Amino acid sequence: MSRVGRWIDERIDLTGIRRSLLDRPVSQNLTWWHTLGSATLAVFLVQVVTGIVLGMYYSPSPDHAYESIRYLERAVVSGATVRGMHHWGASAMVVLVFAHMIRVFTMGAYKYPREINWLLGVALLFIVLGFGFTGYLLPWDQKAYWATAVGTNIAGTTPFIGAKLVTLLRGGSQQGAATLTRFYSLHVLLLPVLLVIIVGLHLFLVIRQGVAPRTAELETNAPKRTSDSGYPAYYRTREHESKTGGYRFWPDIIAKDVITGTMVIAILAILGRFVGAGLEAPADPTDSSYVPLPEWYFRPFFQLLKLVPGSWESAIAVGLPMALVVVLLLLPFFDKRSTRSITKRPAAATILGGIIISMAVRLGASMRDQPKNAVAPEVGRILTSTERAGRTQFERQQCGGCHKLAGMAAVPKKEDAPDAPELTEVGLRHSTAWLHSYLEDPVRFHPDSKMPAYGPPTLSHQEIEELSRYLSSLRGLPALNKQPEFRDTFPEPLKAKETK
Ligand code: HEC
């Protein structure tokens, strides 16, 4: 140890911590399955780091959320990869938490003396699902908007408190700005704090109690039930014996944990970089034709709801998750037989197998009838209500008969239609003010213009303004990092009039 190290150690006894934390003896039965918990922890750390980066760019308001994500994706170095890792990390957390739980279940590790840690684990499962649900809304694209609408509607079927619950979640009766800030706050403030506290307790108990000895070692000559008076003494003897093999927490356990953790993070990096997170069209609350689809780990449940008859739907929608919570919480207190290995617990094996198979089947079914929703429209951001009114005018006046948007003609071009400029990026070329004057009377700007004049009485002043605002919003597909360079030229008489 260096002089500085000794100086510090003398004062705060780091060696003591090392001895009790890293050098403590462990049982020799640790399989690769035992690394699932720490792999979950590794992914959580990835989520924290990538989440902090995302938070630096994200803006939690309906007007800017989508645009801020698009900006991150297109204009920030590695932005898309970071977001992709966070997206896949969310799925990885769910998979790993489930796998870890299944490991604990099949090895009977929730039995004496680890009941409390099982309860903490159940809480962590639901916190991770909560992260998934709240995070899904944040990109504010169609998928996010409508899946959350379905999710909150399901919450709304809860008896007695349903309506209150929806208002609480949405911050009002409608899903909008208040919903987004609420979900954001839950996602980045409440849930992380809860998770850190509970993970802390969970790990504290793992360190206090150690890892359970081999199931076989805990079954030979064991009292029948963990509640029998002789069981604690029996358990302690067995545990002590299992720790005499000379295995230490460091490096015997940590090494395996590091290998699994590194592999999982590498997989996330590859998925984040090469598959990414995807972004649909911006949320359009008026587009009720969109068929929503929740994140895959909610789909088995979502798909199940489609199967049950309408009158049963709310009972299942609320009843099933609640029943699941209750069963999971009560499990260690009712299952007190001392057999641990799943091979000796046929009922447990059947139930677990049944759940896994039925979830897989439901997931498969929901993948099969995946809806085909419309792809991103020409405008890469959510429109304000004025701009949306302008878009309606654009369709009603058949501007698309001459002008293309995003390389596509909205209506087939008429035989005699003149060649008109594409309007995909018109918002980069002209200011709203210029567009307004131009639409009123194009000939004033270009004497031989073939563009019809739309000034009153064809369109009112207000309608032209809406149309101009809409055109202004057309800034091309990949154009978030582009700044407008207006090339407005006003005709002489207009200038003269204005100066008068
Ligand atoms: C009959 C075909 C036709 C229709 C219909 C039409 N335009 Fe045009 N538009 C043109 C032509 C041709 C030009 C180019 C002529 C010019 O320079 O003035 C043009 C130019 C424009 C420009 C200027 C583009 C630029 O980059 O300078 C805008 C903006 C525009 N149109 C918007 C609209 C809108 C909005 C509508 C519907 C309300 C519409 N147009 C309907 C033919 C049409």
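A few remarks follow.
- Residues that are more than 8 Å from the ligand (Cβ to nearest atom) and closer than 19 Å to Glu485 by Cβ within segment 415-426 comprise Glu422, Thr424, Glu425, listed in sequence order.
- If the condition is being out of contact with any strand residue (DSSP E or B) (no Cβ under 8 Å at 6 or more places or on another chain) and of a type in the set (Val, Ile, Thr), then segment 199-243 contributes Val199, Val206, Ile207, Val211, Thr215, Thr220, Thr237.
- Consider segment 255-282 and keep the residues that are open to solvent by less than 40 Å² (accessible area, probe 1.4 Å) and touching a Leu at 6+ places or on another chain (Cβ under 9 Å). The one that is farthest from Val211 (Cα to Cα) is Pro282.
- One residue from Leu331, Leu324 being assigned to a helix (DSSP H, G or I), out of contact with any Gly (no Cβ under 6 Å at 6 or more places or on another chain), surrounded by 17 or more Cβ atoms within 10 Å (Cβ to Cβ) and not small (Gly, Ala, Ser): Leu331
- Segment 458-471, residues that are touching a residue at least 60 places away in the same chain (Cβ under 8 Å) and open to solvent by less than 60 Å² (accessible area, probe 1.4 Å): Leu459, Glu463, Glu465, Glu466, Leu467, Ser468, Tyr470, Leu471
- Residues of segment 427-462 that are within 22 Å of Ser385 (Cα to Cα), near the ligand (Cβ under 9 Å from one of its atoms) and not aromatic (Phe, Trp, Tyr): His430, Leu435, Leu439, Thr458, Leu459.
- Any hit, segment 294-305, residues being of a type in the set (Asp, Glu), in contact with a helix residue (DSSP H, G or I) (Cβ under 6 Å, 6 or more places away or on another chain) and at pLDDT 90 or above: no
- Residue that is over 18 Å from Trp140 (Cβ atoms), among the hydrophobic types (A, V, I, L, M, F, W, C) and either part of a helix (DSSP H, G or I) or touching a His at 6+ places or on another chain (Cβ under 6 Å) (or both), where the choices are Val49, Val77: Val49
- Counting the residues of segment 337-359 that are open to solvent by 70 Å² or more (accessible area, probe 1.4 Å) and of a type outside the set (S, T, N, Q) gives 8.
- Segment 60-74, residues that are in a helix (DSSP H, G or I) and open to solvent by 40 Å² or more (accessible area, probe 1.4 Å): Glu67, Tyr71, Glu73, Arg74
The values are calculated or read from the model by the stated rules, or taken from the named source; none is laboratory data. Bear in mind the structure is a predicted one, so any value in this text is a computation, not a measurement. Cβ atoms come from the backbone with ideal geometry, glycine included; neighbour counts cover every protein chain shown. The accessibility values were calculated without ligands, DNA or RNA, using every heavy atom of the protein model including side chains. Shrake-Rupley method; radii C 1.70, N 1.55, O 1.52, S 1.80 Å.
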